[in-house]
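Worksheet: the structure to be examined is printed underneath.
The values are calculated or read from the model by the stated rules, or taken from the named source; none is laboratory data. Small disclaimer: the values here were computed from a predicted structure and weren't measured. Here the Cβ positions follow ideal geometry from the backbone for every residue, glycine too, while neighbour counts run over all protein chains shown. Surface accessibility is based on the protein's heavy atoms, side chains included, excluding ligands, DNA and RNA. Shrake-Rupley method; radii C 1.70, N 1.55, O 1.52, S 1.80 Å.
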Amino acid sequence: MPETDGEMLSRMFHSAQHDRTFDYTFWISTLIIRAGEYVARRLTCVLVGFGMLIVAVLGIATIEIILPLMHGGSESWTYKLHACWAIFLLVNIFFNYGMAVITPPGTPTNDLVAQYTTAVVEDGRAGVVPDGGAQSPVDTCKHCDKMRPPRAHHCRICGECVLKMDHHCPWIGGCAGYGNYRYFISFLIWVTIG
């Protein structure tokens, strides 16, 4: 049975209303994402400083307040042993946090991409052999137009490609990637132990 004029107008109205709702939802979600990226770029130093302050306050409170209460004063040998362990943990936490903050995560350079590229294959295509694995093409970043090896990703907040990017961490003021991943994981392990 053919559609009546009223049904057709109703369908068109609901379709247009749905499109407007989708447009508003898309616009609002894009605005929220962009605002988050802006805040992440601007608050990096504040978050890094706040992270250092939290670790320092908790470490000093542990050594000066909690440990003497646990051991009945600061003269017992168990307190001194426990305090040495707490200081050791604090030093490792600060060292690895500081190194994760100041070590760049690593960006692909032309020399690095050249190490990955192989000779021209029989069918005429150049390829990449990552870690002795199967052949895959060299990728070009659509955001910054640079050649990048496998497992390199573009960070929208940092504005550059990062080798073996894990994630962008506002607490270290950048991405956790190939260059600083060791320090980032060590920091997390020492914080967990502490």
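Details
- Only one of Arg182, Arg151 that is open to solvent by 50 Å² or more (accessible area, probe 1.4 Å), modelled with pLDDT of 75 or more, more than 30 Å from Val55 (Cα to Cα) and within 19 Å of the chain's Cα centre (by Cα): Arg151
- In the stretch 36-70, residue least open to solvent (accessible area, probe 1.4 Å) [restricted to those that are at pLDDT 80 or above and over 26 Å from Ile189 (Cβ atoms)]: Pro68
- For the stretch 140-169, the set of residues classified as within 18 Å of Glu37 (Cβ to Cβ) and of a type in the set (S, T, N, Q) is empty.
- Yes/no for Cys141 being open to solvent by less than 20 Å² (accessible area, probe 1.4 Å) and over 13 Å from the mean Cα position of the chain (by Cα): yes
- Scanning the stretch 165-194 for residues that are more than 17 Å from Val101 (Cα to Cα) and in contact with a helix residue (DSSP H, G or I) (Cβ under 8 Å, 6 or more places away or on another chain) turns up Ile193, Gly194.
- Qualifying residue in the stretch 74-82 (condition: under 30 Å from Tyr178 (Cα atoms), modelled with pLDDT of 85 or more and either assigned to a helix (DSSP H, G or I) or among the hydrophobic types (A, V, I, L, M, F, W, C) (or both)): no
- Members of the stretch 170-194 found to be under 25 Å from Val39 (Cβ atoms) and free of Cβ contacts under 8 Å to residues at least 24 places away in the same chain, listed by number: Leu188
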